[in-house]
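J.: Quick one: the structure is below, and I'll ask about it shortly.
Here, each number is a calculation from the coordinates, and none is a lab measurement. All values derive from a computational prediction rather than experimental measurement. Cβ placement follows ideal geometry from the backbone for every residue including glycine, while neighbour counts extend to all protein chains displayed.
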Amino acid sequence: MNRIATERHLAAILIADIVGYSRLMGVNEEGTLRRLKALRSGLIHQTVRQHEGRIVKWTGDEVLVEFPSAVSAVRCALDVQRSMIDRNAALPEPERICFRIGINVGELMAEKDGDVFGDSVNLAKRLETLSPCGGLCFSRAVRDQVRDRITLPFEDWGERSLKNIARPVRVFAVTPEVIASLPAANDPVQVRRAHLPITVTLFAVSATSLLVAGLWFALRSATHPVSPSLPVTAPEQNASAPIALPGPTAPRLSIVVLPFVNLSDEPGQDYIAESITADLTTDLSRIRESFVIASGTALSYKGRTTDLRQAGRDLGVRYVLTGSVRRAGERIRVNAQLADATSGVQIWSDRFEGDRSTFPDLQDELIARLARTLDLELTEAESRRAQKERSDNFDASDIAMRGWSVLNRPITQQQLAEAQDLFEQSLRLDPRLAHAQIGLARTLAAKVNVRWSTSQEADLARAEALNNEVLASHPGDAMAHFVKADILRGRKQFTSAIAAYETAIALNRNFAPAYGAMASALLRAGRSADAIPQIDRAVRLSPRDPQLGFWLYVKGHAYAHLTRDEEAIEWCLKSVAASATPYWLNYVDLSSSYAWLGRQEEARSAVEGLLKLKPGYTVGHWRREGWSDDPVFLREYQRIVEGLRKAGLPE
């Protein structure tokens, strides 16, 4: 029977679904039904009514609710999810009820019986399937309506192609960790009537106080650090009424990008500086565990002489990025400086320049390079700060940050062992700390992929378990998808690994290590020619990266597979020059390529270099390395085996 709509109207739609309902019924059918019935008539009915919503229908374990506004829908979702934390606390984990929630706003078609349908409902359902357990996902339309009315950090998961939805949808999320930091439902200082979802309970503030997001986050982070799996961007603030914060209370990796200054003679070039400021703010917000002041607030400092220490206190951040743009003829030069907001001391600077005619491409490359460099610099700076300020009282997050600082260095056996030890220490203090889970998973996968693991399958299995925990709660985490790809690469599942790297890149288009690692997977999948552009992209994004030596080796190795020996030699030598610690695989390709070119003296010298790094290594060892089972790879690989024989490596 066809539906006959009697009304069209705009409304917000919330769809909530119980995760693992069949499993819950299998564990305790009567108890699950009893709790679900109590939730329907109690928490959900009362919370929906409190926020002026209407329950359209229940379908098994799923509820569809209509609200007059997106703000009401989001507030209701937050209240339900926060209350569920308290209700589940006393239950064993297998019996806990956990909701996924999706929210959309748009035009609905309503029937006479009150049921609603249409594309807006379909999209809300798709968003619900993306939601983390205990969190919520919503569309850009919802974000636009709530961003200035609900002071809450949310994550931008980028555009997603959803089933039966014609166009990609920009998805935003609030994680379970953020919701867990909200006041409990019975908190006496909660100010629901004032429509403020977050109250800073460490201070006696009135319901009408202006709560600046930086203050809330700084106070909250002292007791409940935000999950680092995805960073958050601070909501817009009123910078004319800042609340001063002492530096030590600011969140880890907190930063503001102050408006870049236009030093050109043409005021009309201001748009370039403003565009760089906004784009860089967006890309920095993707850094793990970062807290980035929104560009709207930062722009309020435009044209003002700013004391960096005061700006740090005003906005509650530890780091301040400043810069300038200068146009001279057809050249554009960009300078950037990173300073410690506590001391005002500059800790990093760099300069970029290019032709005005290619500036759109230059700007994209500039933003990507800055974001990757700042990711490394901020992690290192925060690790040093923790060791200086809290050397006798490290918490789990401090130790995890030190682990990432070590992991970001050029790869060596000692470096991976040190990183693993730090992540293990962190997880002993907090077994669910995502920043440490994903760090340890990446370290274990790296050990396997560089052949330094003594128990490859055990290391990969543990890495997979840790990484899956992060992906379950943060499906939009680019690093988690990168680690998933590394694990698949370690298992020689190269096609699947390439797909996972592509997902990581789709989530963060400037993720330089993902391009470099994908090149290695492509090469071992028998696609050597496809690997080279990926390395070029990685190097353009991060030309001074700690992994640069490895990337250049992969490019040289690809050329060796393609029988382009001159180029193989060129890039392997560049890899040797760029590597703080010699990478033995370069000498394999150098030995073979020199031999195939008839440059026997240089081939013998390369063999000597190989044997210094790998005493007793033979042609047989190389033949049995087992990097890949792909027939194209193996056919190309055999030529390198023959080249090693020609170079004089013992059989």
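J.: Along the charge dipole of the range 534-651, pointing to its positive end and built from +1/-1 on Cβ of Lys, Arg, Asp and Glu, which listed residue (PRO582, ALA560, TYR637) has its Cα farthest out?
T.: PRO582
J.: Taking one equal scatterer on every alpha-carbon of the range 496-570, how large is log10 of I(q)/I(0) by Debye at q = 0.16, 0.24 1/Å?
T.: Once normalised to I(0) and log-transformed, intensities are -0.51, -1.04.
J.: If you don't mind, there's one more thing I want to ask. Order of 502-514, 336-348 by packing, highest average Cβ count within 10 Å first?
T.: 502-514, 336-348
J.: Rg(Cα) of the range 386-519 divided by 2.2 N^0.38 Å? Numbers along the way, then the final one.
T.: Details: Rg = 14.4 Å, N = 134, 2.2 N^0.38 = 14.1 Å.
Ratio of Rg to 2.2 N^0.38 Å for the range 386-519: 1.02.
J.: Starting from 0 in steps of 10 Å, tell me what percent of the Cα-Cα pairs of the range 88-177 lands in each bin.
T.: 16, 42, 29, 13, 1
J.: Right, another one. Just the Cα atoms of the range 527-603: what Rg and Dmax do they give in Å?
T.: Both quantities, over Cα of the range 527-603: 12.0, 37 Å.
J.: Can you tell me the dipole magnitude for the range 552-651 around its Cα centre, using point charges on the Cβ only (Lys, Arg +1; Asp, Glu -1), in Debye to the nearest 20?
T.: It comes to approximately 180 debye.
J.: Something else about it: Give me the base-10 log of I(q)/I(0) for the range 509-651 at each q in 0.13, 0.14, 0.15, 0.20 Å⁻¹, Debye formula, one uniform scatterer per Cα, rounded to two decimals.
T.: Debye output, listed in q order: -0.51, -0.60, -0.69, -1.19.
J.: Sticking with this one: Once phi is turned into θ = phi - 60°, what whole-Hz ³J(HN,Hα) does the Karplus curve with 6.51, -1.76 and 1.60 give for every residue of the range 539-544, x standing for Gly and Pro?
T.: 5, 5, 6, 8, x, 10
J.: Quick check: net charge around ILE487, other residues with Cβ under 13 Å of its Cβ, Lys/Arg +1 and Asp/Glu -1?
T.: Cβ neighbours under 13 Å give a net charge of +3.
J.: I'd like the distance between the alpha-carbon centres of the range 45-122 and the range 527-603, rounded to an integer number of Å.
T.: With the range 45-122 and the range 527-603 each reduced to a Cα centre, they are spaced 55 Å.
J.: If one puts a single equal scatterer on every Cα of the range 441-496 and applies the Debye formula without solvent, what log₁₀ I(q)/I(0) results at q = 0.19 Å⁻¹?
T.: -0.57
J.: FRET efficiency for HIS621 and SER455, Cβ-Cβ distance as r, R0 = 25 Å, nearest 0.05?
T.: Here the calculated transfer efficiency is 0.80.
J.: Still on this structure: With a cap of 14 neighbouring Cβ atoms within 10 Å, and only residues DSSP puts in a loop, list the trypsin sites (Lys or Arg not before Pro) found in the range 1-87.
T.: Sparse-neighbourhood loop trypsin sites (Lys or Arg not before Pro): ARG3.
J.: Additional query: Enter the per residue convex hull volume of the range 7-201, computed from alpha-carbon coordinates, in Å³ rounded to the nearest integer.
T.: 122 Å³
J.: Which loop trypsin sites (Lys or Arg not before Pro) in the range 577-627, with loop taken from DSSP, have no more than 14 other Cβ atoms within 10 angstrom of their Cβ?
T.: For trypsin sites (Lys or Arg not before Pro) across the range 577-627 that sit outside H, G, I, E and B with at most 14 neighbouring Cβ atoms in 10 Å, the list reads ARG624.
J.: Binning at 10 angstrom from zero up to the longest distance, how are the C-alpha pair distances of the range 402-480 distributed in percent?
T.: Bin by bin from 0 Å, the calculated values are 21, 53, 26, 1.
J.: Please give me the summed charge of the neighbours of GLY526: other residues whose Cβ is under 15 Å from its Cβ, Lys and Arg +1, Asp and Glu -1.
T.: +2
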